[in-house]
């Protein structure tokens with residue numbers, strides 16, 4: 001499980017690193033206003049000065065490693081970063097295999 005968590009951490013960081021600064025700011029703003037799956041939202045104060053590594057860590061700590069990817073894809077889509085969302089979906093499937101992504105859809109995630 002630790003290995004999978006490490007791969008997810010790398011996927012998230014790569015996805016956030018690929019964002020332009022303005023897109024990253026929009027991502028953090030949307031993330032701070034959104035309640036995903038009833039888990040609440042990451043407080044705006046934590047995200048305000050967070051860099052990409054901090055943001056990745058907040059996502060994983062707050063939502064858990066598996067859900068952090070789903071949350072990131074959803075936020076990318078909400079702020080009109082559909083290419084970034086599609087890339088992250090593809091990279092998750094490559095890194096974790098089709099069982100991880102197909103099982104999520106079947107479970108309604």
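The values are calculated or read from the model by the stated rules, or taken from the named source; none is laboratory data. Bear in mind that the values here come from a model prediction, so they are computed numbers and not experimental data. Neighbour counts are summed over all protein chains in view; Cβ atoms, including those assigned to glycine, are modelled from backbone coordinates with ideal geometry.
Looking at segment 33-60 only, could you name the residues that are at pLDDT 95 or above, part of a helix (DSSP H, G or I) and surrounded by fewer than 18 Cβ atoms within 10 Å (Cβ to Cβ)? Scanning segment 33-60 gives 53, 54, 57. Taking (1) in contact with a helix residue (DSSP H, G or I) (Cβ under 7 Å, 6 or more places away or on another chain); (2) surrounded by fewer than 19 Cβ atoms within 10 Å (Cβ to Cβ) in turn, residue 92 satisfies each apart from (2).
Screening residue 73 with (1) at pLDDT 95 or above; (2) surrounded by fewer than 18 Cβ atoms within 10 Å (Cβ to Cβ); (3) on the phi < 0 side of the Ramachandran plot gives one miss only, at (2). Looking across segment 1-32, just one residue is surrounded by fewer than 16 Cβ atoms within 10 Å (Cβ to Cβ), in a loop (DSSP other than H, G, I, E, B) and within 14 Å of the chain's Cα centre (by Cα), and that is 18.
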